[in-house]
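Here is the structure we will look at, set down as structure tokens.
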Amino acid sequence: FCACHDDEAAPRRVQMLRERWFPASQSFPSTAFTFDVLDLYLELTYQAKINAHDFCRAIERYTDNTRLSDVPV
């Protein structure tokens, strides 16, 4: 995040949106989703009728298909 001491510095959520990251919370964002992954989820929801749980499991497998370690949250 910008460490500017300027009164016109954008809030953290605005800085994240400018970088095409969607914050998981509006008040104190520390986790975000990229617009690309949100677009992928939207497309899979429309075309493959995938639900959020299955999408998250697929992302976990894509990250580490061996399941030897926990996927960081």
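Observations, loosely collected:
- Folded to 0 to 90 degrees: helix 35-48 orientation relative to the chain principal axis, Cα: 30 degrees
- Positive minus negative residues near Pro29 (Lys, Arg vs Asp, Glu; Cβ under 10 Å): +2
- Interchain or long-range residues, amide H under 5 Å from Ala32's placed H: Ala24
- With an a/c value of 1.5 or above and a/b not larger than b/c for the gyration tensor axes a ≥ b ≥ c computed over the alpha-carbon atoms, region 20-70 is described as oblate.
- All other residues whose Cβ lies under 13 angstrom from that of Leu42 are scored, Lys and Arg at +1 and Asp and Glu at -1, for a net of -2.
- Net charge of the neighbourhood of Glu19, taken over other residues with C-beta under 15 Å away and scored Lys/Arg +1, Asp/Glu -1, is +3.
Any read-out appearing in this document is the output of simple, stated calculations on the displayed coordinates, not a laboratory observation. Predicted model only: the values in this text are computed from it and were never measured. Here Cβ is always computed from backbone atoms with ideal geometry, including for glycine, and neighbour counts include all displayed protein chains.
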